[in-house]
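**Q** Take this structure first; my questions come after.
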Amino acid sequence: MNTTAAPATPRPSVIQLAIKEKGALYAAYIPLFAEGGVFIPTTREYRLGDDVYVLLTLPDDPQRYPVAGKVAWITPQRAAGTRSPGVGVRFPSDEKSRQLKARIEEALGGTMASDRPTQTI
């Protein structure tokens, strides 16, 4: 009898990201993703499409927002320029993510149109 098990699907890693200042939120937010997303500085190795579970805290907001996202881009260590190593996590297409995206964009207000560089594209 053959009892080989299928390879286990790796569990998503859990990342806590507490953004304390509006400037840091501006640098991390990814408005180019339709559902929104966030850049997470990390030196941990990820692959595109990896599932990650983010516990996100926004400036002046005591609530933690759980997000089951996917790695949508990677900035490797030793990237050109002053870019920090990390991953861009795309929010899922669901109502909670739409509310979180609206909350982030409301917090950023007029800075959304700024030309200041960010950690994102």
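Every number in this text was worked out from the coordinates using simple rules, so none of it is lab data. Fair warning: this is a prediction, and the values are worked out from it, not measured in the lab. Positions of Cβ are backbone-derived with ideal geometry, glycine not excepted, and every protein chain shown enters the neighbour counts.
**Q** For region 13-113, what is the relative contact order in percent, using Cα pairs closer than 8 Å and at least 6 residues apart in sequence?
**A** The value is 31 percent.
**Q** Among all the lysines, which ones have a C-alpha under 18 Å from K96's C-alpha, if same-chain residues fewer than 8 places away are not counted?
**A** In chain and number order, the partners are K70.
**Q** Among E95, E35, which comes first, second and so on when ranked by fewest other beta-carbon atoms within 10 Å?
**A** Least to most surrounded, the residues fall as E95, E35.
**Q** Right, something else. Taking neighbour counts of Cβ atoms within 10 Å as a proxy for exposure, in what order, fewest first, do Y65, Y29 appear?
**A** The order, fewest Cβ neighbours first, is Y65, Y29.
**Q** Antiparallel versus total DSSP beta bridges in region 13-113: what percent is that, nearest 5?
**A** Roughly 75 percent of the beta bridges in region 13-113 run antiparallel, per DSSP.
**Q** How big is the Kirkwood radius of region 13-113, worked out from every pair of different alpha carbons and given in Å to one decimal?
**A** 13.7
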